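Everything below concerns the one structure shown next.
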């Protein structure tokens, strides 16, 4: 105990630097968690938290009886699964490709171009995507027309909409996601590559047998976080791209909460939805980490 207090005292200035971050999380992350009681009450804005009557599990039962919720839940899982399969590996592949580039100027140019969409909001990117895919003025349909195909209204076609979501998500985040993996690649011991060359390994085999195993811990941790975010759909993206023609394939949990909470003022029901979603996300993180730890030495803890 005495030794621990001594170590804490020696590190007092470093610990002091944590105070702003701890205050931020306490005020903006943990403090608002008191609001989850709304899910168990018939919340009334005028009466407030304390005076609103308790409703028990009424709103959860109502939620599970709503076909619209299960449609939104199904769409959320499908869209997130597609993004996990196609969008998660994309930054890894780009990082591996950039790691092989020896021309510094070209490498910096590619990084800058791919990073840029991350800093634009989906309000802007949604307009760009809609314009590019427009059946009348979009260059994608102009290219299709040049090959004799009929125009496709990608954003309003239910069979194409999820593809648009996944592709635009990759476009926006692929560059930003490479930052973590490029940092991991920078820490790979060059002597490992030299030993691989002596063993006769070409660049591809060096990537498979040296590079990927070296950054495997980072990939596993990011994968666990990605699985935990399966139920946390991207509201900004979908809200700025979807329309009544694709509701049956595009309506997700966050847009369902938006309608229930802000448009219909069913605050207790929307809080119940979010509480249910966060409970699933927590379970996914715990479960994925447990499975990964069982079959490998990597994990969050």
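Of all residues in the stretch 61-75, count the ones that are surrounded by 18 or more Cβ atoms within 10 Å (Cβ to Cβ) and either without any contact (Cβ under 8 Å) to a residue 60 or more places away in the chain or within 15 Å of residue 270 (Cβ to Cβ) (or both).
Residues that pass the stated criteria total 4.
Only one residue in 23, 19 is surrounded by 10 or more Cβ atoms within 10 Å (Cβ to Cβ) and at pLDDT 85 or above. Which one?
23
Test of understanding: among 214, 145, which residue is surrounded by fewer than 18 Cβ atoms within 10 Å (Cβ to Cβ) and either more than 30 Å from residue 296 (Cβ to Cβ) or without any contact (Cβ under 8 Å) to a residue 12 or more places away in the chain (or both)?
Testing whether each residue is surrounded by fewer than 18 Cβ atoms within 10 Å (Cβ to Cβ) and either more than 30 Å from residue 296 (Cβ to Cβ) or without any contact (Cβ under 8 Å) to a residue 12 or more places away in the chain (or both) leaves just 145.
Which residues, taken from the stretch 80-105, are without any contact (Cβ under 8 Å) to a residue 12 or more places away in the chain and either crowded, with 19+ Cβ neighbours inside 10 Å or closer than 22 Å to residue 234 by Cα (or both)?
If the condition is that a residue be without any contact (Cβ under 8 Å) to a residue 12 or more places away in the chain and either crowded, with 19+ Cβ neighbours inside 10 Å or closer than 22 Å to residue 234 by Cα (or both), then 85, 89 are the ones that fit.
Determine, yes or no, whether residue 22 is under 25 Å from the mean Cα position of the chain (by Cα), more than 30 Å from residue 108 (Cβ to Cβ) and part of a helix (DSSP H, G or I).
So residue 22 fits the description; yes.
More than 16 Å from residue 95 (Cα to Cα) and surrounded by fewer than 16 Cβ atoms within 10 Å (Cβ to Cβ), is that true of residue 225?
yes
With the stretch 239-296 as the region, which helices (runs of 4 or more DSSP H) entirely inside it contain at least 3 residues that are at pLDDT below 85?
267-295
For residue 40, indicate whether it is over 20 Å from residue 256 (Cβ atoms), surrounded by 11 or more Cβ atoms within 10 Å (Cβ to Cβ) and either over 31 Å from the mean Cα position of the chain (by Cα) or at pLDDT 85 or above (or both).
No.
The values are calculated or read from the model by the stated rules, or taken from the named source; none is laboratory data. All figures in this text were calculated on a predicted structure; none of them were measured in a lab. Neighbour counts run over all protein chains shown; Cβ positions are idealised from the backbone, glycine included.
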